[in-house]
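S.K.: Below is one structure. I have some questions about it.
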Amino acid sequence: MQYSKKVLQHFTKPHNQGEMKRASGVGMVGNPVCGDLMKIYIDVKEDKKKGEYIKDIKFETLGCASAIATSSMITDLAKGKTIEEAMKITRNDVADALEGLPPIKMHCSNLADDALHEAIRDYQNKKK
């Protein structure tokens, strides 16, 4: 299986990895077929001009190289974005930012954007 340099970089030196003790929202998703499990934590802050935005983001992932790389990349893509902007991040955005994923591993980018969107929905539900 051929991985891009970007995938290998995010797998070997993942960004924003770890647990967040006081997260504004948490999203957890998994794939029972491959066994990948992703947990995304977000810290949302309010800015008068920008509105609600993701100030900090962390992840914990159990899975293959693609699962770890996509988790790392989605945190890079979402950090600093408004909630609305972060909700628009797609699996294709993640795969493109990683300079491609093997077709058999595209489901990992689905998990990453699903976990981010779950964390945002968790945050929004807590606000109600």
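The values are calculated or read from the model by the stated rules, or taken from the named source; none is laboratory data. Here the structure is a predicted model, which means the values were calculated and not measured. All Cβ positions, even for glycine, are placed from backbone atoms using ideal geometry, and neighbour counts span all protein chains on display.
S.K.: Could you look through the range 26-61, keep only residues that are part of a loop (DSSP other than H, G, I, E, B) and not acidic (Asp, Glu), and pick out the one that is nearest to the chain's Cα centre (by Cα)?
M.R.: ASN31
S.K.: Which pairs turn up if I take residues in the range 87-104 that are of a type in the set (A, V, I, L, M, F, W, C) and look for partners that are modelled with pLDDT under 95 and outside any helix (DSSP H, G or I) with beta carbon separation below 9 Å, at least 6 apart in sequence or on another chain?
M.R.: Taking only residues 6 or more apart or on different chains, the pairs are VAL94/LEU101; ALA95/LEU101; LEU98/TYR3; LEU98/SER4; LEU101/TYR3; LEU101/SER4; ILE104/MET1.
S.K.: A follow-up question, please. Would you be able to say whether some residue in the range 20-43 is charged (D, E, K, R), surrounded by fewer than 19 Cβ atoms within 10 Å (Cβ to Cβ), over 21 Å from MET87 (Cβ atoms) and free of Cβ contacts under 8 Å to residues at least 40 places away in the same chain?
M.R.: Yes, some residue in the range 20-43 is charged (D, E, K, R), surrounded by fewer than 19 Cβ atoms within 10 Å (Cβ to Cβ), over 21 Å from MET87 (Cβ atoms) and free of Cβ contacts under 8 Å to residues at least 40 places away in the same chain.
S.K.: So if I check each of CYS108, CYS64, which one is buried (at least 21 other Cβ atoms within 10 Å of the Cβ) and either over 17 Å from HIS15 (Cα atoms) or not β-branched (Val, Ile, Thr) (or both)?
M.R.: CYS108
S.K.: With the checklist (1) in contact (Cβ under 8 Å) with a residue 24 or more places away in the chain; (2) touching a helix residue (DSSP H, G or I) at 6+ places or on another chain (Cβ under 9 Å) in hand, flag the one item THR12 doesn't pass.
M.R.: (1)
S.K.: From the list GLU46, GLU99, GLU52, exactly one residue is surrounded by 15 or more Cβ atoms within 10 Å (Cβ to Cβ) and not hydrophobic (A, V, I, L, M, F, W, C). Which is it?
M.R.: Exactly one residue qualifies, and that residue is GLU52.
S.K.: Right, next: ILE120 - would you say it is assigned to a helix (DSSP H, G or I), touching a strand residue (DSSP E or B) at 6+ places or on another chain (Cβ under 7 Å), over 28 Å from GLN2 (Cβ atoms) and in contact (Cβ under 8 Å) with a residue 60 or more places away in the chain?
M.R.: yes
S.K.: Please work out which residue is modelled with the lowest pLDDT, limiting yourself to the range 75-115 and to residues that are part of a helix (DSSP H, G or I) and of a type in the set (Gly, Ala, Ser).
M.R.: SER109
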